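Values quoted throughout were computed directly from the atomic coordinates according to the rules given, and no laboratory measurement underlies them. As the structure is a computational prediction, the values presented were derived from the model and not from experiment. Glycine also receives a Cβ, built like all others from the backbone with ideal geometry; neighbour counts cover every protein chain displayed.
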Amino acid sequence: MVDLTSLWDVVLVVGLVLAIAPWFGSYLGRVYLNRPAFGDVLLSPLEQATYRLLGTSPRRSMRPREYMVALLLVNGGVFLFLYLYFFFQNALPLDATGVPGMSWDLALHSAASFTTNTDFTHFTNESQISMGAEVIAWQLALFLSAATGLSVAAAMIRGFIRKDGTLGNCYVDLVRTMTRILLPLSILFALVLVLLGVPETFTNYVTAHPLTGGIQWIYLGPVASFQSISLLGTNGGGWYSANAASPLANPSAISNLFLVGVMMLIPFSTPFAFSQIIRRKSESWPFIGTIVIIFAIALGLFIFYQAATNPGLASVSGLGVSTNGYPVGQETRFSLPEASLFQVVSVYANVGANNMAIGSISPIGQMVLLFGMFTQSTPGGEGTGFATLLLFAVLAIFIAGLMVGRTPEYLGKKIETSHVKWAALALLIHPAIILVPFSVGVLWGDPGISATTLAASAHNFTSVLYELTSEAANNGSALSTASFNDTTPFWNVTGALVMLLGRFVPIWAMLQVGGLFASESEKPPGPGTLRTASATFTIYLTMILIIISALLFLPVLALGPLAQIL
């Protein structure tokens, strides 16, 4: 049964974020336009010194190819550093518990995961990664992967206002994202989490003596600072394997709602940063409208089907078919609406943090979460989520132009076949890198899809589908992996390739689309120009997004979540 009073908590948090988003989005826009912003007196000298160290200048603007090369150099360096640290972590500092080095394939998967803002783990946090690897290596990636996504979105958006074919300076975007956005906010939010009871210490563990006798080791560390940037940067990898379901990482209903706000802040503000950069305030509303419509439908469906009767409990003694909802796997410290809000926000914002066991939720609930990863843009991950939504808008406007027989244009710039080809590449690479390795794995027999019943087979099928979808979307949330072993060389290598392709192929396409727009001169609107700042375009964009995503993935959903219902 749904606790109706706690629905007000959901409305309050979402309402507060939506109220803050226009102001914070305007701030993001000023940051990426290199305009005066809060902290200039302190941060500008630090940034200038960093630019000199990197041998670059804010006045030097890059074309798409140069921007991409710089981005790959930075991320390639991070990837190599992470791989070596994980492989040799037993010989490096802050390994008080003697955690061994990772195998080559697990180190490869982990390095790819954290570099791509995915944070999908094939290891147990408490026993297979050292504190040094988490604090020195992993946490570095939490900042840089988030900065990469925001920088790409800023570069693509600049293409709509420039005429020289350039998109800005990659190194400057990365530095300003760190100094003006991620570092200040992560410090502030970490302090709030400490006040809410989340530990922040370099003590590896403490010894507890339970009332039942014996000794219990409680794993500790700088959890608050890790959680802060992990959720703010839409990374999602938790300090604990239980993630946000752990009472140490998420001790109360208040901390749960606060973490929801942290996850929502930047993704829901980016549309307003877009309108600030292009200097057209009204252009943000169709995007935020599309995001809110799909997010609200997803949250409503998730709560409704989580509260519905679970027929699987009919044979359990003392429960019966009248048992309300799907209680297995849900953290009882939170109400159903509060827990559902966290989980839907986490998946739809491509954070990937969990506060419930996704393998235990209803099949429709699993399908709702999968759809959020199919779209990757409602609101999607840091920066790249909104850039993906822009690509959907480009396709939508192009299709509308074809229907009315007019040359499609957006913000005074023509949309031509080259724009559409790059946008299509970014959107089609997603199903390709999910379904191709999925088919190979199933035919090979590695996942172990077979089971004694149809329901079990469908659940196992969904588990493999969810894993690859999460990796391809750079999401990081995981369904139950008890149905197949994903810590094998096959799944480690496959997962690493899926995450790298799912991250950098769309980024390359986004930069190319931005560069194409940046090479055009702006033209005044004509009589056949589609009015995008309207409710009509909001509905049209929403329907295009839903239809495209459904057409790409409905067949595979029929064999997984929908088959579980039958």
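Once you charge only the Cβ atoms, +1 for Lys and Arg and -1 for Asp and Glu, what is the size of the charge dipole of region 87-178 about its Cα centre, to the nearest 20 debye?
Dipole about the Cα centre, nearest 20: 580 debye.
Could you give the nm distance between label points at Thr488 and Ile297, where each point is 7 Å from its Cα heading toward the beta carbon?
Simple spin-label model gives 3.8 nm for this pair.
Report the trypsin sites (Lys or Arg not before Pro) located in region 26-114 that are in a DSSP loop and have at most 11 other Cβ atoms inside 10 Å of their Cβ, or state none.
The qualifying sites are Arg59.
Using label points projected 7 Å from each Cα along Cα→Cβ, tell me how many nm separate Arg35 and Leu84, to one decimal.
My value for the distance between the label points is 4.3 nm.
Output the relative contact order of the chain, whole-number percent, from Cα pairs under 8 angstrom with separation of 6+ residues.
After rounding, I find 20 percent.
Determine, for each peptide in 211-222, 491-502, the mean count of other beta carbons within 10 angstrom over its residues, then list the peptides with the highest first.
491-502, 211-222
If the only charges are +1 at each Lys and Arg Cβ and -1 at each Asp and Glu Cβ, what is the size of the charge dipole of region 1-157 around the Cα centre, to the nearest 20 debye?
Here the size comes out at about 980 debye.
Using the charge dipole of the chain (Lys, Arg: +1 at Cβ; Asp, Glu: -1 at Cβ; taken about the Cα centre), state which of Gln89, Leu541, Asn256 has its Cα farthest towards the positive end.
Leu541
How big is the dipole moment of the chain about its Cα centre under a simple scheme where the beta carbon of each Lys and Arg is +1, that of each Asp and Glu is -1, and everything else is neutral? Debye, nearest 20, please. Please list the in-between numbers first.
Numbers: 23 positive and 25 negative charges, 421 e Å.
It comes to approximately 2020 debye.
Find which of Val135, Ile157, Val175 sits farthest along the positive direction of the dipole of region 89-219, computed with +1 on the beta-carbon of Lys and Arg, -1 on that of Asp and Glu, about the Cα centre.
Farthest towards the positive end: Ile157.
Where does the chain land at 222 nm, in deg cm²/dmol rounded to the nearest 500, when only DSSP H runs of n ≥ 4 count, each adding -39500 (n - 2.57), divided by all residues?
About -20500 deg cm²/dmol.
For Asp3 and Trp23, compute 0.36 nm times the residue count separating them, minus their Cα-Cα distance, and round to one decimal in nm.
So the extension gain works out to 4.0 nm.
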